[in-house]
Amino acid sequence: MPHVRARPSSTEFAEGAVLGALGAVLVAVGRLLPHLGLVELFAVVPFAVLGTQPRLRAGVCGMVAGATIATLVAGLGAGVEVAGCALMGGFVGWVVRRERGLGTILAGGVAVGVVSGIGIDVALVVLFSARELAFSSVRGVVTGIASLLKPVPGLASAADQLGGVLRTVLASWWIWLPAGALVGAVAGMAGMWLVLRGLLDRIPGRGRPGLGVRPPTPGPVRPVPVTLQAAWVAGNTPARSGGLDVTLREGEFVVVTGANGAGKSTLLQLLAGAPTVSGAVDRAGGVGLGEPGGTALLLQRPETQVLGMTVLEDLHWGLPESLAVDAEALLREVGLAGMEDRPTAGLSGGQLQRLALAAALARRPALLLSDESTAMIDEDDRLALVGLLRALPRTHGTTVVHVSHFPDEVPLFDRHLVLDGGRVVHDGPPVPVLCRPGLRTRTSAPHSAQGRIVLRAEDVGVVRAARTPWEHVVLRHIDLTLRAGDALRLAGANGSGKSTLAGVLAGLERPSSGRCLIDGLPADRRLGRVGIVFQHARLQVQRPVVAVDIAAASGVEALEAADASAFAAPWLERVGLGAELGSRRVDELSGGQLRRVALAGVLASRPEVLILDEPFAGLDPASRDGLAETLREARGSGTALIVITHDVVQGLWEHSLELNEGILR
Amino acid sequence: MSRPRLRWDEVLLRVLPGDSALRRMWAGTKLIGLAVATIGWLLLPGWGAAVTALALVVAALVAAHVPLSVLPRPRWWLVGIVLLGAVTAAVGGQLAAFVQAFAITFGVVALGAIVAWTTPLAEVADALLVLGAPLRRWGWPVGEWAAACALGVRSLPMLLDEWRVLVAVHRLRSAVARRVGVLDRGRAALALPLRALVMTLRRAREVGVAVAARGGPPDPGRKPVRLHGADLAALTAIIVSIALAWLVPA
């Protein structure tokens, strides 16, 4: 096997780590909490996914990580079980990847069965006392059951037989137990293969390399100057126009704009060293992704870039020991002075992006690629981050390429690339970015101030892990009354309990004290009357096709594709998207589109109260106005709104409350 | 007064706040101790092993400052099954064997849980680096394993958050579903783990890009191990308990 010792790529390594930990958690939960024992059966699945990877070493990495975690959390037996799951699941994954048939699976099952059978025999011979103890215990239980059943007429013979079978099995355990293991392994692996074969094929993007998963390039690192000539990335949707032509010099400050599918990601992938399918890339030296003096990445989602538990640990993660770094100065430079020991879990999105920038700067990159890094953070943080990027060409000589959706960021840059249809259509000083055509403005229907009460929270409190050392009071004494058509803004810092409050109001969670009523009944018995649009829309839009998801969100299952499109069309238009978007695949949507699809789905379920978690974060001004208009319309039709946001939107709500350490003011 | 039942994610995978002897111990000592104790008891089980296993659990509870409120209340039917087993075993004349087997099994699992409550999982990665050092000489990628261990642990809280959102969406959608046939509900419930897996994989790929941005999978070096008196005491306790178990056979 040529791939056994090959170093795993970053993606394979991360998949090994995350899926291995998942397997460990499933086994540990099943072992420590016997009433959840069934979840142990699923522990093979993550390893089967790992098994579909070409590099065995990544799978072994996941297995060792998972077994170590499981041993510590639930004992040696759990670790051994994780290893066993990894072997079986890994083999099934390998068979799926190689597209072998049932014969291979059966052969593998026999091999695993024979090996584990021999293992069982050896273990039971060595641990002979434990064997005798366990057998005595089982014998006692079964004999007991048999003698209890004896007086019952009709069951006496069954009891005798039970005892007889047990005596036979225990007398020649060294045949029966391995035989059972063999049958179990063959049947189990064949069953797993039948189930997982279909499943593994449905996992999107299997085997497709992401941005920057290449191993380090040999030779001197020098990512700029670089010239792209009609270049395009292998595996991306083919360019209609022949590819990208761009030249970048040292110390440039470049912003890239363009619609979805214009080629922005492709441009960044090319600059990060992705293999080309056409055209040429002429670079001064190696790309050096993540290497000193090479190419640095700043990604869209703040929380996925964090790899350390504390700020300092994250800053040092993966840094070569030879590289001297002044952590204090770096953190000061990005505005995180004195936060070395803060846990990364408590940082805001803006702070996380600053930390990611500090980690990038620690490598003194010659090229910094920022892939919509401002898209998911607050307004103030957004412009501050662009300000930090702006200083880099001057202070570090770094070339910065920033992809943006925000018109107000563009004038801050020296050079502006506008992409359209896989082609550079403007290259020069910043030009104004056209906003989408004007959104229809309608005067919203006046709502009555004295509508029907739809939701009432009375003295609601939520305590987590009550009366343990982890006790945490999330909400205290919350009183809230919402009438039809009311609108309320809810503000509060990270971890102030906003998401928990949303969950309680929607009936997803019963409060520890007090009560929450929807139309006079406890909220958890009125599930679905309150709709939530979660902050991370990708988790909410769950079906592969837009229209099908909107139909599913409103409770209309099993519709034909055409019916789903017809059903979804008015709701798509209501959130400012065209009806034709209904037939698109969810994977092709931008972040902003995804959010509006999620909103359309919730609106289609006609909730009486609509809760939105940070709906304005990362929207450009035009989209923001459009969303506010949609929400005003929803209000006009009688839906009450709770908007969790840091932003201020004129005329959308008349009450604004702030949640501070669980207290609502 | 009855206290509310704790959810599993309120108790599992968490570390008790504050200092304790068990908390100060090196994670490697705990891993070795768990393995040695398990194997020792299995080699010579009996009343000695059963009693020392329970004694060690009590000692660990004290040494870890585990408050009683943290201990899970077993479900009534689980207690029922165990009691039924004990009764039938007694009728079958093997009560002693049943009690010994149960005590040892319980001791092994409980000891693991107590250790987990006092060990930040990130420390396990460092211990793996040291314990696996001999394998390094034969070219095994021990550093890669330890880094994967730490990264997996690091991503668990994020994954938990995302699973919670997935479940919330599933519950809200099921509540408004107009077709409430058993088949539809079953299908929707089966789709949930698949979605969770796909989401986990997507998240893993995002983490992979972040790893690439830091120059690829790292190969961390060993950190110095600091052993305390507690480490010595724990290993002594385990060795004494095994010696006792062997001296007092069934």
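Brief remarks follow.
- Selected residue (criterion: least open to solvent (accessible area, probe 1.4 Å)) from residues of the range B:197-234 that are more than 9 Å from every other protein chain (Cβ to nearest Cβ) and assigned to a helix (DSSP H, G or I): B:ASP231
- Sole exception among (1) touching a Pro at 6+ places or on another chain (Cβ under 9 Å); (2) over 30 Å from B:VAL66 (Cβ atoms); (3) modelled with pLDDT of 90 or more for A:LEU505, by number: (1)
- Exactly one residue among B:LEU151, B:LEU156 is surrounded by 20 or more Cβ atoms within 10 Å (Cβ to Cβ), under 30 Å from A:GLN305 (Cα atoms), at the interface with chain A (Cβ under 9 Å from one of its Cβ atoms) and touching a residue at least 60 places away in the same chain (Cβ under 8 Å), and that residue is B:LEU151.
- Condition check for B:GLY112: in a helix (DSSP H, G or I), in contact with a Lys or Arg (Cβ under 9 Å, 6 or more places away or on another chain) and open to solvent by less than 20 Å² (accessible area, probe 1.4 Å): yes
- Hey, B:ARG14 modelled with pLDDT under 90, facing chain A (nearest Cβ under 7 Å) and over 16 Å from the mean Cα position of the chain (by Cα) or not: no
- Qualifying residue in the range B:56-77 (condition: at pLDDT 90 or above and among the basic types (Lys, Arg)): no
- Filtered by the rule that a residue be open to solvent by less than 30 Å² (accessible area, probe 1.4 Å), facing chain A (nearest Cβ under 8 Å) and farther than 18 Å from B:ALA55 by Cα, the range B:115-124 gives B:ALA116, B:THR119, B:LEU121, B:VAL124.
- In the range A:586-607, the count of residues that are of a type in the set (D, E, K, R), closer than 20 Å to A:GLY651 by Cβ and either at pLDDT below 90 or not assigned by TED's automatic domain parsing to the domain that holds A:THR500 (or both) is zero.
- Selection status of B:GLY152, more than 24 Å from A:PRO469 (Cα to Cα) and part of a loop (DSSP other than H, G, I, E, B): no
- Residue match in the range A:63-82 (condition: closer than 26 Å to A:ASP201 by Cα and touching a Lys or Arg at 6+ places or on another chain (Cβ under 7 Å)): no
- Those helices (runs of 4 or more DSSP H) lying entirely in the range A:28-131 with at least 3 residues at pLDDT 90 or above and over 32 Å from the mean Cα position of the chain (by Cα): A:102-126
- Residue in the range A:595-613 that is charged (D, E, K, R) and assigned to a helix (DSSP H, G or I) present: yes
- Selection within the range B:235-246 - open to solvent by 30 Å² or more (accessible area, probe 1.4 Å) and within 14 Å of chain A (Cβ to nearest Cβ): B:TRP246
- Every residue from the range A:290-336 that is open to solvent by 10 Å² or more (accessible area, probe 1.4 Å) and in a helix (DSSP H, G or I): A:GLU303, A:LEU312, A:GLU313, A:HIS316, A:ALA327, A:GLU328, A:ALA329, A:LEU330, A:ARG332, A:GLU333
- Filtered residues of the range B:56-76 (kept if within 11 Å of another protein chain (Cβ to nearest Cβ) and among the charged types (D, E, K, R)): B:ARG75
- Looking only at the range B:198-229, residues that are at pLDDT 90 or above and either within 30 Å of B:ALA55 (Cα to Cα) or of a type in the set (S, T, N, Q) (or both) come to 1 in all.
- Residue match in the range A:10-27 (condition: aliphatic (A, V, I, L, M) and over 26 Å from the mean Cα position of the chain (by Cα)): no
- If the condition is being over 18 Å from B:ALA110 (Cβ atoms) and not in a helix (DSSP H, G or I), then the range B:46-89 contributes only B:GLY46.
- Residue pairs meeting the criteria (Cβ under 6 Å; at least 6 apart or on separate chains; first free of Cβ contacts under 8 Å to residues at least 12 places away in the same chain, in the range B:204-225; second part of a helix (DSSP H, G or I) and not aromatic (Phe, Trp, Tyr)): B:ARG205/A:THR11; B:GLU206/A:THR304; B:GLY208/A:SER10; B:GLY208/A:THR11; B:GLY208/A:ALA14; B:ALA210/A:THR304; B:ALA212/A:SER10; B:GLY216/A:SER10
- Leading residue by the ranking (least open to solvent (accessible area, probe 1.4 Å)) among those in the range A:1-24 that are part of a loop (DSSP other than H, G, I, E, B) and at pLDDT 75 or above: A:PRO8
- Residues (among the basic types (Lys, Arg) and free of Cβ contacts under 8 Å to residues at least 12 places away in the same chain) located in the range B:191-203: B:ARG202
- For the range A:508-531, taking the residues that are closer than 13 Å to A:GLU458 by Cα and assigned to a loop (DSSP other than H, G, I, E, B), the one that is modelled with the lowest pLDDT is identified as A:GLY520.
- Neighbours by Cβ (under 8 Å, 6+ apart or cross-chain): first from the range A:482-496, farther than 18 Å from A:ILE453 by Cα and in a loop (DSSP other than H, G, I, E, B); second open to solvent by less than 40 Å² (accessible area, probe 1.4 Å) and hydrophobic (A, V, I, L, M, F, W, C): A:GLY492/A:ILE644; A:GLY492/A:LEU659; A:ASN494/A:LEU347; A:SER496/A:LEU659
- The range A:312-337 residues that are assigned by TED's automatic domain parsing to the domain that holds A:THR395 and at pLDDT 90 or above, paired with ones that are of a type in the set (Asp, Glu) and open to solvent by less than 80 Å² (accessible area, probe 1.4 Å) (beta carbon under 7 Å, 6 or more apart): A:LEU312/A:GLU340; A:ALA327/A:GLU340; A:LEU331/A:GLU340
- Going through (1) away from chain B (no Cβ under 14 Å); (2) touching a Leu at 6+ places or on another chain (Cβ under 7 Å); (3) of a type in the set (Phe, Trp, Tyr) one by one, A:PHE42 falls short only on (1).
- So B:ALA53, is it more than 9 Å from chain A (Cβ to nearest Cβ), over 30 Å from B:PRO224 (Cβ atoms) and open to solvent by less than 20 Å² (accessible area, probe 1.4 Å): yes
- Residues in the range A:30-53 that are free of Cβ contacts under 8 Å to residues at least 40 places away in the same chain and open to solvent by less than 10 Å² (accessible area, probe 1.4 Å): A:GLY30 alone.
The values are calculated or read from the model by the stated rules, or taken from the named source; none is laboratory data. On a predicted model such as this, the values are computed, not experimentally measured, just so you know. Virtual Cβ from ideal backbone geometry, glycine too; neighbours counted across all protein chains shown. Only protein heavy atoms, including side chains, enter the accessible area calculation; ligands, DNA and RNA are left aside. Shrake-Rupley method; radii C 1.70, N 1.55, O 1.52, S 1.80 Å.
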